[in-house]
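The values are calculated or read from the model by the stated rules, or taken from the named source; none is laboratory data. All values derive from a computational prediction rather than experimental measurement. Methodologically, a virtual Cβ is constructed for each residue, glycine included, from the backbone with ideal geometry; neighbour enumeration extends over all protein chains shown. Heavy atoms of the whole protein, side chains included, go into the accessibility calculation; ligands, DNA and RNA do not. Shrake-Rupley method; radii C 1.70, N 1.55, O 1.52, S 1.80 Å.
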Amino acid sequence: MDSVDPALLDRLADRGWPALERAPLDGWTLRAAGGVTNRANSVLTAGPVPALAPAVEAAEAWYAARGLPCVFQVSPASPAELPALLRGRGYREHSETAVLVAPSVERVASGAPSASVSVADTPGAGWLDAWWSVDGRGGEAERGIVRRILAGGPALYAWVGADDTPQAVARLALVDGWGGLYAVATRPEARRRGHARALASALAAEACARGVDRLWLQVLADNAPAIGLYASLGFEPASRYAYWTRG
């Protein structure tokens, strides 16, 4: 696979899961969404800044004004000196994440039969309930924020089972000819039935029909079963990132 610019992957992921509030900081982007999800509440550092320490201080002040912890998303596209500076200010790295890319949408689409999967431009009645039951953190206010994040850009939604009580769900953000796989979740009682594979394949097939020619996804670096599944569908390692939080 040809290499993909890590900065491009960072920006695709940013647009695929958009924060509700954004502000430029030279080559960085400050993002906030009421503290719901790391990506939507962290500094996207995929770019240069004239002076590193003042940029970090400005970011800290911006988040403090909103009552949020200052979190930095650090990837190979970030300034090389940033991790050492953050460590010296008491930040610690967590949630190391692998970014995988599938250069062949057709291969992912052929990964498994998709007859049992429904795909639509909007989530089904129970889609958010299913995802929230697996990965949600918080109450009704946080659910409302997630609903607004999901509506922040075009996407495809897939689910297995009844529209109002799906067993498994997934989302594919559509960004500039790319598709980004998000929110893959299976209820505990429905696991180990191939639902994640079927969802990814069905979304890839629909995306291919709409002219999407490459896919990306993020997965926690220590989630070996998921990484193995995606590798079998044709995804390959392309980049990585981690979050840095103080304390």
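Observations on the model:
- Pairs are defined by a Cβ separation below 7 Å, a sequence spacing of at least 6 or placement on different chains, a first member in region 139-168 that is in contact (Cβ under 8 Å) with a residue 24 or more places away in the chain and farther than 18 Å from Ala120 by Cα, and a second member that is among the small types (Gly, Ala, Ser) and open to solvent by 40 Å² or more (accessible area, probe 1.4 Å); the pairs so defined are Ile145/Gly34.
- Residue in region 108-123 that is out of contact with any Phe, Trp or Tyr (no Cβ under 8 Å at 6 or more places or on another chain), farther than 21 Å from Trp216 by Cα and buried (at least 18 other Cβ atoms within 10 Å of the Cβ) present: no
- So Ser133, is it in contact with an Asp or Glu (Cβ under 8 Å, 6 or more places away or on another chain), hydroxyl-bearing (Ser, Thr, Tyr) and over 28 Å from Pro6 (Cβ atoms): no
- The condition (being modelled with pLDDT of 95 or more and more than 16 Å from the chain's Cα centre (by Cα)) is satisfied by just one residue among Val212, Val184, Val219: Val212.
- Leading residue by the ranking (least open to solvent (accessible area, probe 1.4 Å)) among those in region 1-18 that are outside any helix (DSSP H, G or I) and over 12 Å from Arg39 (Cβ atoms): Val4
- From the options Ala151, Ala125, Ala162, residue that is modelled with pLDDT under 95, of a type in the set (A, V, I, L, M) and more than 25 Å from Arg193 (Cα to Cα): Ala151
- In region 19-34, of all residues being assigned to a loop (DSSP other than H, G, I, E, B) and open to solvent by less than 50 Å² (accessible area, probe 1.4 Å), the one that is nearest to Ala64 (Cα to Cα) corresponds to Ala33.
- Selection within region 42-84 - among the charged types (D, E, K, R), part of a loop (DSSP other than H, G, I, E, B) and more than 28 Å from Ala238 (Cα to Cα): Arg66
- Residue that is in contact with a Leu (Cβ under 8 Å, 6 or more places away or on another chain), among the hydrophobic types (A, V, I, L, M, F, W, C) and open to solvent by less than 10 Å² (accessible area, probe 1.4 Å), where the choices are Leu128, Leu82: Leu82
- Residue that is assigned to a helix (DSSP H, G or I), over 21 Å from Ala226 (Cβ atoms) and either out of contact with any Lys or Arg (no Cβ under 9 Å at 6 or more places or on another chain) or not hydrophobic (A, V, I, L, M, F, W, C) (or both), where the choices are Arg107, Arg87: Arg87
- Pick from region 129-148, criterion over 16 Å from the mean Cα position of the chain (by Cα) and in a loop (DSSP other than H, G, I, E, B), ranking: modelled with the highest pLDDT: Gly139
- Some residue of region 158-170 being assigned to a strand (DSSP E or B) and open to solvent by 50 Å² or more (accessible area, probe 1.4 Å): yes
- Inside region 131-151, residues that are open to solvent by less than 50 Å² (accessible area, probe 1.4 Å) and out of contact with any Gly (no Cβ under 6 Å at 6 or more places or on another chain) make up a count of 10.
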